[in-house]
Amino acid sequence: MVLLSSPANSLIQLLGVLFIFCFVLVITYFVTKWIGGVQKAQMTGRGLQVMDTVRIAGNKYVQILKIGDAYLVIAIGKDEVTMLAKLTADEIGLAADEMMDAAQLKGGLLPSDMQDTFQETLEKFRERFSKKQD
């Protein structure tokens with residue numbers, strides 16, 4: 001004998017599945033927050049801090065680490081970690097100023113006396129192009 005379910009029974013099953021799904025999502029959210037908090041607590045008490053990371057290739061990075069008062073520049077590859085340099089706080093300050101200058105150049109945030117108009121840039125380009133053809 002074939003049992004046919006009524007529309008009301010199907011609706012109750014659907015609501016039950018949706019309730020279980022939402023319950024699992026809520027539990028997942030809170031467990032993820034809890035695990036993140038535990039990992040954050042483990043990382044804050046240590047003397048090692050990652051100051052900056054730059055990706056230079058697919059799985060190769062250069063990082064600046066702060067260990068106590070010393071700064072280390074390391075290269076991280078797939079299977080190896082290599083120390084590139086040991087820096088002082090003064091050198092890091094200088095490097096930070098240089099990075100800020102580079103960011104300003106890249107973003108177009110130059111002082112007004114350094115900004116060229118489009119016409120001036122076009123003229124410089126024409127001069128260089130005409131010199132190359134001579």
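The values are calculated or read from the model by the stated rules, or taken from the named source; none is laboratory data. This is a predicted model, so every value here is computed, not measured. All Cβ positions, even for glycine, are placed from backbone atoms using ideal geometry, and neighbour counts span all protein chains on display. Remember, those area values only see protein heavy atoms, side chains included, never the ligands or the DNA or RNA. Shrake-Rupley method; radii C 1.70, N 1.55, O 1.52, S 1.80 Å.
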note = When region 15-70 is checked residue by residue, the ones that are assigned to a helix (DSSP H, G or I) and among the β-branched types (Val, Ile, Thr) are Val17, Ile20, Val24, Val26, Ile27, Thr28, Val31, Thr32, Ile35, Val38, Thr44
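Open to solvent by 80 Å² or more (accessible area, probe 1.4 Å) and either touching a Phe, Trp or Tyr at 6+ places or on another chain (Cβ under 7 Å) or not charged (D, E, K, R) (or both), is that true of Gln63? Break it down into steps so the answer makes sense when it comes.
Details: open to solvent by 80 Å² or more (accessible area, probe 1.4 Å): no; either touching a Phe, Trp or Tyr at 6+ places or on another chain (Cβ under 7 Å) or not charged (D, E, K, R) (or both): yes.
It is false that Gln63 is open to solvent by 80 Å² or more (accessible area, probe 1.4 Å) and either touching a Phe, Trp or Tyr at 6+ places or on another chain (Cβ under 7 Å) or not charged (D, E, K, R) (or both).
Can you find a residue that is modelled with pLDDT under 55 and loosely packed, with under 10 Cβ neighbours inside 10 Å anywhere in region 72-80? Give the steps one after another, and end with the answer.
First pass over region 72-80, keeping only residues modelled with pLDDT under 55: none.
No, the conditions are met nowhere in region 72-80.
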